[in-house]
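Contents: one structure, followed by commentary.
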Amino acid sequence: MPEAIDTTWYGIDKAIADYTEAIRLDPNLALAYNSRGIAYQKIGEEAKVAADFVKAKQLGFEPQVRTQRNSCVYPPSTQCCS
């Protein structure tokens, strides 16, 4: 699975534009909706956050919470974060 863009150095506007382009190219790319939602969250666009998170979930995206050492703590499964 592709990794999300690190928006701390990349720039929120550029990240949003890239995720939007990825969605245009593949409207079923759940990770792009989720990642764009995170980017929108960083700039306070709450309505867009909600819409993107709902769409990502509809497409089957299951968020994974990671610790600082990048090891997955949720959801518990043998394939977590692989």
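Laboratory data are not the source of any read-out in this text; all were calculated from the coordinates shown. Just so it is clear, the model here is predicted, and its values are computed rather than measured. Virtual Cβ from ideal backbone geometry, glycine too; neighbours counted across all protein chains shown.
Tabulated results
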read-out: Mean Cβ neighbour count within 10 Å, used as a protection proxy, ranking 36-48, 16-28 highest first; value: 36-48, 16-28
read-out: Long-range HN-HN contacts of residue 11 with modeled amide H, under 5 Å; value: none
